[in-house]
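These notes concern the structure reproduced below.
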Amino acid sequence: MVAGRSPVVLNQIGALVGERIAAHPSRPTVLRHEDGRPPWDIPDGVEVLLTRPLIGWDAAPAARPAGWGRGLRWIQSASTGMDVYPPWLLDGAPLVTCARGVSAVPIAEYALAAVLAFEKRLDAVRLRGPEDWRRETLGGLSGRRLGLAGFGTIGRAVAERARAFGMSVGAVRRSGWAGSETETETGPGAVIEPFDRFEDLIAVSDHLVLALPLTAATRGVVGADLLARAKPGLHLVNVARGALVNQEALLAAIETGRIAGATLDVTEPEPLPAGHPFYHHPAIRLTPHLSWSAPDVEPRLAERILANLDAYARGAPLRDVVNVQAGY
């Protein structure tokens with residue numbers, strides 16, 4: 001940002017964010033995204049782009065459009081994952097920041113709700129008449145093992161809540177573990193058992209939550225070979241990206257009884273086509289990619305962007321800068 005000049009911001013996120021940004025002391029000029037205009041079609045003079053998935057980025061051209069990025073100094077995404085954008089947005093782009101952690105709490109609550117629903121089977125034991133009255137033994141969380149594939153802000157939030165229910169928690173993470181380090185970031189006395197190999201984690205987990213970014217290295221990571229190593233009766237929860245899972249392999253593992261069930265907030269593609277077996281399978285619960293949602297998410301996102309705008313105006317480092325090489 002040039003000192004003494006207000007930034008020109010293109011807002012593709014929403015009205016609340018636009019209103020909050022417009023009131024910032026740097027007196028930015030906030031342009032509203034025009035309906036129907038491709039999100040990569042940036043007006044001249046824009047130096048800050050606030051963007052989000054599901055506004056047409058999936059239809060972006062394979063090659064960078066002529067003139068793309070001219071004048072842009074900072075791109076802020078409303079999502080954590082960057083796989084929704086074309087590769088050229090990161091390739092040679094200006095500073096890119098994401099919304100890491102903004103939705104961690106609602107996603108963690110969703111994951112624990114999925115685990116509870118699986119163990120307590122409230123849908124199955126619901127009474128619809130006196131003929132349904134019968135005594136059954138419900139499952140529980142205390143003493144069960146939760147596996148976390150990914151231990152960023154979402155993984156830590158899930159772990160904190162799982163430990164409160166008396167679960168033991170193990171995790172694998174992309175960056176590995178330093179020596180015999182265990183994580184205690186989730187709260188006083190909370191210890192997370194570190195695993196170096198996904199295969200070892202899935203072999204001992206009763207519930208496995210996927211909280212990994214989608215990259216070339218993680219696409220299809222949950223395939224037939226990994227599922228064959230799962231602890232019998234595993235419940236899989238995916239709150240990350242559908243393409244992490246080989247869906248045909250998952251269905252086969254459920255049909256053979258190796259996997260007891262799956263709660264999928266994400267699929268590949270979204271939505272799945274009509275008639276897909278996941279829609280009606282009794283062991284699969286599908287939800288429409290909404291685990292991130294909560295009443296306070298948009299205000300929290302606005303606060304995050306405002307904090308970065310403060311730093312941008314001062315020429316200070318921004319928070320949650322995307323690692324272009326890693327893709328997240």
* To do: Check Gly101 against each of (1) farther than 27 Å from Val297 by Cβ; (2) assigned to a loop (DSSP other than H, G, I, E, B) and name the one condition it does not meet.
  => (1)
* Structure fact -> Among residues of the range 260-285 being touching a Phe, Trp or Tyr at 6+ places or on another chain (Cβ under 9 Å) and not aliphatic (A, V, I, L, M), the residue most open to solvent (accessible area, probe 1.4 Å) is Arg285
* Asked: From the list Ala252, Ala313, Ala302, Ala260, which residue is part of a helix (DSSP H, G or I), farther than 29 Å from Gly18 by Cα, out of contact with any Cys (no Cβ under 6 Å at 6 or more places or on another chain) and of a type outside the set (Phe, Trp, Tyr)?
  -> Ala252
* **Output for the range 19-30, where each listed residue is open to solvent by less than 60 Å² (accessible area, probe 1.4 Å) and out of contact with any helix residue (DSSP H, G or I) (no Cβ under 9 Å at 6 or more places or on another chain)** => Ala22
* Scanning for something over 27 Å from Arg100 (Cβ atoms), touching a residue at least 12 places away in the same chain (Cβ under 8 Å) and out of contact with any strand residue (DSSP E or B) (no Cβ under 7 Å at 6 or more places or on another chain), does the range 283-298 turn up at least one residue? -> no
* **Members of the range 42-70 found to be open to solvent by 50 Å² or more (accessible area, probe 1.4 Å) and either in contact with a helix residue (DSSP H, G or I) (Cβ under 8 Å, 6 or more places away or on another chain) or modelled with pLDDT under 90 (or both), listed by number** => Leu54, Ala63, Arg64, Arg70
* Asked: Restricted to the range 71-89, and to residues that are in contact (Cβ under 8 Å) with a residue 12 or more places away in the chain and surrounded by fewer than 17 Cβ atoms within 10 Å (Cβ to Cβ), which residue is farthest from Ala307 (Cα to Cα)?
  -> Gly71
* Do you know which of the residues in the range 104-139 that are among the small types (Gly, Ala, Ser) and over 26 Å from the mean Cα position of the chain (by Cα) is modelled with the lowest pLDDT? -> Ala124
* Run Leu16 past the list (1) open to solvent by 50 Å² or more (accessible area, probe 1.4 Å); (2) under 24 Å from Asp83 (Cα atoms) and report the number of the one that doesn't hold. => (2)
* Out of the range 116-153, which residues are among the aromatic types (Phe, Trp, Tyr) and either in contact (Cβ under 8 Å) with a residue 60 or more places away in the chain or not in a loop (DSSP other than H, G, I, E, B) (or both)? -> Phe118, Phe151
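Every residue, every condition in (1) under 24 Å from the mean Cα position of the chain (by Cα); (2) assigned to a helix (DSSP H, G or I); (3) not charged (D, E, K, R), yes or no:
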{"residue": "Leu16", "(1), (2), (3)": "yes, yes, yes"}
{"residue": "Arg20", "(1), (2), (3)": "no, yes, no"}
{"residue": "Gly36", "(1), (2), (3)": "no, no, yes"}
{"residue": "Ile42", "(1), (2), (3)": "no, no, yes"}
{"residue": "Val46", "(1), (2), (3)": "no, no, yes"}
{"residue": "Leu49", "(1), (2), (3)": "yes, no, yes"}
{"residue": "Asp58", "(1), (2), (3)": "yes, yes, no"}
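The values are calculated or read from the model by the stated rules, or taken from the named source; none is laboratory data. Values in this document were obtained by computation on a predicted structure and should not be read as measured data. In this analysis, Cβ positions are derived from the backbone assuming ideal geometry, glycine residues included, and neighbour counts consider all displayed protein chains. Accessible surface areas use protein heavy atoms only, side chains included; no ligands, DNA or RNA. Shrake-Rupley method; radii C 1.70, N 1.55, O 1.52, S 1.80 Å.
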